[in-house]
Every structure is written in C-alpha cells, then in structure tokens.
1. Go through region 22-102 and name the GluC sites (Glu not before Pro) that are in a DSSP coil and have 11 or fewer other Cβ atoms within 10 Å of their Cβ.
2. So how far apart, in nm, are the two label points at residue 33 and residue 106 if each is 7 Å from Cα heading toward Cβ?
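None of the figures in this text is laboratory data; all of them are computed from the coordinates on show. In this text, all values refer to a predicted model and were calculated from it rather than measured experimentally. For neighbour counting, all protein chains shown are included, and Cβ atoms are generated from backbone atoms with ideal geometry for every residue, glycine included.
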Amino acid sequence: MERFSTFALSGCMAPKPPIESPLLSEGSPDRPVNCEVALEPAFEALVKACLLKGWSAQEVAETLLKLATEHAETIVGRQRVAALLGRWRVSSLVDMYVSQFLARFR
C-alpha cells in the first residue's frame, strides 16, 4: 500500500506522491534511470499544481529547466552541464520524450 503525504492544491488537500529510495547502489550504470523513475511522479504533480494555479505549460517547462540547470551547475560546474545539455539535445529520443511529456499538459 502506497503512503502519500498531502499538499494544498487549488484550495484542497491532494496526495503528494512519495519519492522512493534508490534501488541500485552508487556507481550502477542504471542508477540515473532509477532516480528518474523515482522522481517522475512528484515532478508531474508539481507541474500539474503549477498549471492549476494558472502558469502556462511553456512557463513551467522553461522555469523548471532553468532551476534544474542552475542547481546542476552548482554541483558539477557550468562546463559539465553544458556538455550534458549538448549531448541531450542531440539525442532524438530525449526530444521525443520531452515532446510527449509537454503534450500531456496541452
């Protein structure tokens, strides 16, 4: 049975998805995917909450990207983030997933 905490969403209490602990040890090649799967429900809930408050899908996407980029730069440095972003932009698979994700909110 999943446990959910609650948070205010449009004036009512709504379930906030839990963030699961890592299943894989540090250094595992699949740990980034494990982290992505663990964060995705909470991320989607955040996006939906923003949209319900009146922010546009584009505003939310751009702001989350900016915040995530700035956070990553403080951890691994600007050059490493630029390299990662460049690699991700080239990947058509990433482009497809971003398009599919943003389509959910249109």
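1. Working: sites: 26, 36, 44, 59, 62, 70, 73; in loops: 26.
Those that pass, being in a loop and sparsely packed, are 26.
2. 2.8
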